[in-house]
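What follows is a single structure, written as C-alpha cells, with notes after it.
The values are calculated or read from the model by the stated rules, or taken from the named source; none is laboratory data. The structure displayed is predicted, hence computed values, not measured ones. With ideal geometry, Cβ positions are generated from the backbone for all residues, glycine too; neighbour counts draw on all protein chains shown. Please note that ligands, DNA and RNA were not included when accessible areas were found on the heavy atoms of the full protein model with its side chains. Shrake-Rupley method; radii C 1.70, N 1.55, O 1.52, S 1.80 Å.
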Amino acid sequence: MADPSSYRPKPGQIPDSPGVYKFRDDHRRVIYVGKAKSLRPRLSSYFQDLANLHPRTRTMVTTAASVEWTVVSTEVEALQLEYSWIKEYDPRFNVKYRDDKSYPYLAVTLNEEFPRVQVMRGAKKKGVRYFGPYGHAWAIRETVDLMLRVFPVRTCSAGVFKNAERTGRPCLLGYIGKCSAPCVGRVTPDEHRELAEEFCDFMAGRTGAYIRRLERRMTDAAEEMEYERAGRLRDDIGALRRAMEKSAVVLADATDADLIAVAEDELEAAVQIFHVRGGRVRGQRGWVTDKVEEVDTAGLVEDALQQLYGEESGDSVPKEVLVPALPEDQVATDALTQWLSERRGSQVSLRVPQRGDKKDLMATVGRNAQQSLVLHKTKRASDLTTRSRALEEIAQALGLDSVPLRIECFDISHLQGDDVVASMVVFEDGLARKSEYRRFQIKGFEGQDDVRSMHEVIGRRFKRYLAEKERTGEWTEENEGSATPGENGENGQNADDAADDTTGQIPAAPGENGHAGPFGPSSLKEDDGRPKRFAYPPQLVVVDGGRPQVAAAKRAMDELGIDDVAVCGLAKRLEEVWLPDDDDPVVLPRSSEGLYLLQRVRDEAHRFAITYQRAKRAKRIRTSPLDDVPGLGETRKQALIKHFGSVKKLRQATIEQICEVPGLGRKTAESVAVALAGTAPAAPAVNTATGEIMEDDGGSTHD
C-alpha cells in the first residue's frame, strides 16, 4: 500500500485553472481520471488525512503511485478530454455504468442498396438507422411483423437475398405480401428505399399523419366500391394501431426526450433511462455502478450523460434531456449543455422537470431505478460473498499469504500431436477478464509432449513479464543471476505469438515486416497507462494437469528467478489440486466454492485452447497443394478440381490429361504435375465425432 504523501505534488506546483488529472499505479497503469474547474483545490483534497476520505477514495489514493495533470482552457474541453481518457485507459476506479445485458435495437440498414430491417446488438454502425433499445428481441419482432403488412421492407439476410436473386423466386414473405421482393424485381431500388424511409418515419413517431392518409384512401376506395382494397387498407390501419399500442403514449405527440433517473446508496448507484420519441416510450435501459468516491447525484448524472452520448451524434441525441439533478455551478451546467448541443448539431435542452406530465414520468423512471438497485444488490450480495469465500478457500488450501486476486490458467491442446497450441486465461477478483486472454503456438519442438509444451509456454509468458520489468527499470541486482529475456534463443524460434482474444491476430514473428522480436523494445507499448501484454504478474498460476505439468511450470519459473508467484495444477480425473513440492495432492471438498472456482478457470482455459486448436486445424485442412503452384489463380484451381473431382485424382493424372482442362497450357500443367508430385498424399483426416473419413479433395469432404 502506497503512502499518498510519497507522491504528493509540492506546494505551488498544481495550477489554479481548469484541467484533467490522472492517477497511476506502480505499474504505470492509469487507475483514475478526473476533471476540475480548478485543479489546485481538487487535487489537494485527495492528500488529506486518510481517515477523512471515502473508503473507495482511500483505496484509490493508496493504490496510486503518482499523479499528473493537463491544463485546458474551458470546462467543455475538460469534459471532452476526461471522456476521451476514460474510454482510452478504462481506469479501474472510475464510475463505469455497465449494462446488465446487451440491449437489442431495431435497425434499418439504409447504407445498403436494398435496406433491410433487422434486430441488432452491440456497437452502432454508420449509415444504419436505429430505434430502441428494447427490453426483449421478441418485442421488436412482434412489432416488425405487424408493420411489414403496411411497409413490406426486406428482412432477409444477404445469403437468402442473393439466392432468391439467382433463382428468380422470392422467399415465403414475398409470396404472402410481407416483403416487396426487390430480389426478383417486383419493385425498383428507389421504390424499396422509399418504403424503408416511410418505415423509419413511422417508427420515429410521425404516425398520426400517415394513419390519417390511409384512412382517406380507405374512404375513397369504399366510395369507388373497391371494397377489397378498402378492406386491405382497413386491416393495414388496424395493424399499425396494434403496433402503436405496444408503446404507451406518455407525452405530447411531438416530444422527443430522454429521461434519466438515479437511485443510490453509499456504495452503489443505479441509472434508468426512458427514451421517448414522438410522445411514446420507444426504449428503456438500465445501468448499475460502484461509487468510487463521494459523488453526489449531479455527478452521477454527469457521468451517465458522458457514457450515454459520448459516441452519439445527430438525432441520436434528443432535443430534450430531463435529469433529476444538475450541478450547482451554472458554469458546469452550461458546459454540459454546450457539449450535448455539439453532439447533436443543434440546441439541446438539459433541465430538471418541475411540474406536469414530464415530472410524473420522471417519478416512474425513478421507481424503475430504485427497483433495479434493489434487484442488483440482492444478486450481487450472494455473488460477492461466494467469490470472496472461494478466493479465501483457495488461499487457505494452498497456503498463500493473501487471496489470489489475479489467477492465470494455462492449458495445452492438440489433435494426435498436430497443431499443438496453448491458452492463457485470466480471472481477476473471481471474474473472467477476457481482454487479457492470450494464446500460443508451440514452436520449440514437433510432436506431442504436454509437459515440455507447458514448460515452454510458462517460460515465454514470464520472460515477457521480466522483459517489461527490465524495460521500465524495475529490474534489480538480485535478478541478475537469473536467465534474462532473450537468452536460450528466445528471440528466435521460441518467440511468443500470443493472440488477442477479440481480434485473433498473432503478432509478427521476429524479423518479419521489419519489426523487432516480441521481446524487443518495439513490441512493448510505452508507459501510457494502457494495458500491455503479459505486463502484470498473477498471484496464482493454475495449469491443467497433474504433478508432471506442475513440476514443468515450476521449473520454468525457477529458471527465470520467479519466486513470488504460486503454482498449482488441477487434475481432471479426481479433481485433485497438485502443488510443486508435495508428494500428495490437496483434496478440496466437492462442495467447496474454491474448487468450483478452480474448475471454472480450468474449463475456460480448456475451452479457449480447443477453440484455437480447431481453428488452426480447419485452416490447415482447407489448404491445398495447388496453392503453391505459380501462376495458378483461384478460377483455374476450381476448374481443375471440378474437372478431376479431387486433388487425389488430379495427382494421378498425366500432363496431357491436365492440359485438357480449359484455360490450362502445357507449362502450367507441368507446374501442377511437379507440385503434386512433390507432395506425398497425406493420411486421410478423420472426424473424431462421427468417424467420417474426409478425403483430400482440395477442401471439400465426402462420405
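What to note about this one:
- Sites matching chymotrypsin sites (Phe, Trp or Tyr not before Pro) across region 378-463 that sit in DSSP coil, with at most 15 neighbouring C-beta atoms within 10 Å: F445
- From largest to smallest, the equivalent ellipsoid semi-axes obtained for region 7-133 from the alpha-carbon gyration tensor read 40, 17, 12 Å.
- Ligands, DNA and RNA left out, the accessible area of region 1-102 computed with a 1.4 Å probe is 47% carbon and sulfur.
- Length gained on full extension, S84 to E311: 80.7 nm, using 0.36 nm per residue less the C-alpha separation.
- Magnitude of the charge dipole for region 1-90, about its Cα centre and with charges confined to Cβ atoms of Lys, Arg (+1) and Asp, Glu (-1), is about 100 debye.
- For region 322-363 versus region 380-409, the gap between their alpha-carbon centres in whole angstrom: 44 Å
- In the complete set of protein chains, residue-level accessible area for K377 is approximately 80 Å², probe 1.4 angstrom.
- Length added when fully stretched, R212-T70, from 0.36 nm per residue minus Cα-Cα: 45.4 nm
- Here the peptides 311-319, 24-32, 118-126 are ranked by packing, the mean other Cβ count within 10 Å, and the order with the highest first is 24-32, 311-319, 118-126.
- Modelled FRET efficiency - R0 60 Å, K434 with Y227, Cβ distances, 0.05 increments: 0.50
- Label zone at T386, where the point sits 7 Å out along the Cα-to-Cβ direction: region 426-460 residues whose backbone N lies under 15 Å: 430-432
- Too-long pairs where the Cα-Cα distance tops 24 Å, listed order kept, from K87/K358; K125/K162; K10/K469; K125/K319; K37/K87; K37/K358: K87/K358; K10/K469; K37/K358
- Extending 7 Å from the Cα toward the beta-carbon at both V374 and S157 defines two label points whose distance is 4.3 nm.
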